[in-house]
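**Q** Sharing a structure, written as structure tokens. Questions coming.
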Amino acid sequence: MFRIMYMSTSTGYMPDEELEELLKIANNNNKEKKLTGLLIVKGRTFLQCLEGDKENVLELYNKIIKDKRHDNIIDLVEENAEDRLFPNWSMGYRNLKSLDDIKSKKIKRILDVKELNIKKEEISEIIEEFISCY
Ligand SMILES: Cc1cc2nc3c(=O)[nH]c(=O)nc-3n(C[C@H](O)[C@H](O)[C@H](O)COP(=O)(O)O)c2cc1C
């Protein structure tokens, strides 16, 4: 099992309908490849976690980073993992209109200031906190 997390910035304003379309495609593709994960959108910032077989995760990630709809991709985590954090989500999704919608202080911190000196160990903790909040 392999996991990747990254942050990125959408290149232009993405209307909700476009995001929904992206999600539909992502869910179908991910189900087929037995990939799971989470996509958090806050304004123009994306935070995504992808997990599954290493080959499939890397193949998708290489496609995603070439996607012209976003750039400024910041790799947060690439790690081997025992278990999935999101076993039931082919792509869990939250569109956060306001930072006030985020109950997790740590996620808020990342999205707010794009704090990048986060330790790897902290990422899983952050995500676990996120899951338990929603
Ligand atoms: C922020 C972001 C996250 C994405 N996440 C996924 C995803 O989880 N799964 C997926 O199949 N495509 C995802 N995509 C879309 C892919 O880049 C790609 O457009 C899509 O897989 C269709 O590829 P295809 O035309 O080769 O079938 C994402 C795109 C962006 C901008």
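The values are calculated or read from the model by the stated rules, or taken from the named source; none is laboratory data. The structure displayed is predicted, hence computed values, not measured ones. Don't worry about glycine lacking a Cβ; one is built from the backbone with ideal geometry, like all the others, and counts go over all protein chains shown.
**Q** Within the stretch 1-111, considering only strands (runs of 3 or more DSSP E) that don't extend past its boundaries, which have at least 2 residues that are modelled with pLDDT under 85 and surrounded by fewer than 17 Cβ atoms within 10 Å (Cβ to Cβ)?
**A** Details: elements: 2-10, 36-42, 45-52, 70-80, 92-96.
Output list reads 92-96.
**Q** Tell me which residues, restricted to the stretch 39-64, are farther than 10 Å from Ile4 by Cβ, free of Cβ contacts under 8 Å to residues at least 60 places away in the same chain and among the β-branched types (Val, Ile, Thr).
**A** First, the residues of the stretch 39-64 that are farther than 10 Å from Ile4 by Cβ: 39-47, 53, 55-56, 59, 62-63.
Going one step further and asking which of them are free of Cβ contacts under 8 Å to residues at least 60 places away in the same chain, we end up with 39, 41, 43-44, 46, 53, 55-56, 59, 62-63.
Within the stretch 39-64, just Val41 meets the criteria.
**Q** Oh, and also: What are the residues in the stretch 51-72 that are more than 6 Å from the ligand (Cβ to nearest atom), within 21 Å of Glu18 (Cα to Cα) and touching a Leu at 6+ places or on another chain (Cβ under 9 Å), if any?
**A** Scanning the stretch 51-72 gives a single hit, Tyr61.
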